[in-house]
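Data first, discussion second: the structure below is written as structure tokens.
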Amino acid sequence: MFIQTEQTPNPQTLKFLPGKVVMDEGTAFYQNIDEASDSPFARRLFAVDGVEGVFFGSDFITITKSDSYEWQVLKPSVLGGIIDHFNSDDKTIEKTAAKEAEKSLEKNEDDSDIVKQIKELLDTRVRPAVAMDGGDIIYNDFEDGVVYLKMQGACSGCPSSTATLKMGIENMLKHYIPEVQEVRPVDA
């Protein structure tokens with residue numbers, strides 16, 4: 001099995017491309033082993049010393065490492081964990097409940113027209129771009145002209161995530177939806 005790796009804008013995070021489907025639909029983000037009770041794959045990766053975050057996309061895995069570890073030391077163990085997973089019969093996630101990112105962008109009949117437009121733009125324009133960097137975005141709320149978003153995967157804790165939110169996402173939302181005045185991050 002050949003697994004490619006890609007740098008992300010976050011130096012603590014590396015994107016692994018196994019050339020296979022990781023998630024049939026949606027994404028999943030785990031910030032510690034306790035959150036990974038539904039994922040044998042994430043638990044396997046958290047067993048590697050230095051792994052602090054695991055994010056699953058459709059065809060990639062993004063791993064966030066501790067500051068005290070270097071990628072050249074950590075990478076072989078992570079690659080081994082990925083290979084072991086694909087050689088096992090384990091599922092990526094055992095239960096089929098929709099993850100936070102998917103639920104946050106679901107169309108809800110109670111949503112205002114503005115919120116529906118925000119969710120549509122985030123789903124069709126922002127999420128694909130953020131996924132290329134090994135992350136995802138969660139819609140949290142829209143209140144008094146402010147859109148609240150949460151970054152996941154490589155984007156969580158990334159030095160350039162504030163610029164992405166302000167210069168990229170905020171400008172785009174303001175362009176298409178005049179009622180949007182600002183975009184703010186929401187911490188976990």
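The values are calculated or read from the model by the stated rules, or taken from the named source; none is laboratory data. The shown structure was predicted, so the numbers you read here are calculated from the model rather than taken from an experiment. Note that we place each Cβ from the backbone using ideal geometry, even for glycine, and neighbour counts take in every protein chain shown.
Select from the stretch 27-42 the residues that are crowded, with 19+ Cβ neighbours inside 10 Å and either out of contact with any Ser or Thr (no Cβ under 6 Å at 6 or more places or on another chain) or more than 19 Å from L79 (Cα to Cα) (or both) and list them in ascending order.
T27, A28, F29, Y30, A36, S39, A42
Of all residues in the stretch 80-134 being modelled with pLDDT under 70 and assigned to a helix (DSSP H, G or I), which is farthest from S37 (Cα to Cα)?
S104
Can you work out which of the residues in the stretch 158-173 that are over 14 Å from E120 (Cα atoms) and modelled with pLDDT of 80 or more is surrounded by the most Cβ atoms within 10 Å (Cβ to Cβ)?
Of everything passing the filter in the stretch 158-173, E170 is surrounded by the most Cβ atoms within 10 Å (Cβ to Cβ).
Condition first: modelled with pLDDT under 90 and surrounded by fewer than 17 Cβ atoms within 10 Å (Cβ to Cβ). Now tell me which residues in the stretch 8-26 satisfy that.
P9, P11, D24, E25
Counting only residues that are more than 22 Å from M132 (Cβ to Cβ) and in a helix (DSSP H, G or I), how many does the stretch 30-57 have?
Qualifying residue count, the stretch 30-57: 8.
Regarding F142, is this residue touching a helix residue (DSSP H, G or I) at 6+ places or on another chain (Cβ under 7 Å), at pLDDT 90 or above and farther than 22 Å from P9 by Cβ?
yes
Scan the stretch 17-36 for residues that are touching a residue at least 24 places away in the same chain (Cβ under 8 Å), closer than 15 Å to E52 by Cα and out of contact with any Lys or Arg (no Cβ under 6 Å at 6 or more places or on another chain) and jot them down.
Scanning the stretch 17-36 gives F29, Y30, Q31.
Which members of the stretch 1-29 meet the condition of being part of a strand (DSSP E or B) and of a type in the set (K, R)?
Residue satisfying the conditions is K15 alone.
Which residues, counting only those in the stretch 58-67, are in contact with a Gly (Cβ under 6 Å, 6 or more places away or on another chain) and outside any loop (DSSP other than H, G, I, E, B)?
Those that are in contact with a Gly (Cβ under 6 Å, 6 or more places away or on another chain) and outside any loop (DSSP other than H, G, I, E, B): T62, T64, K65.
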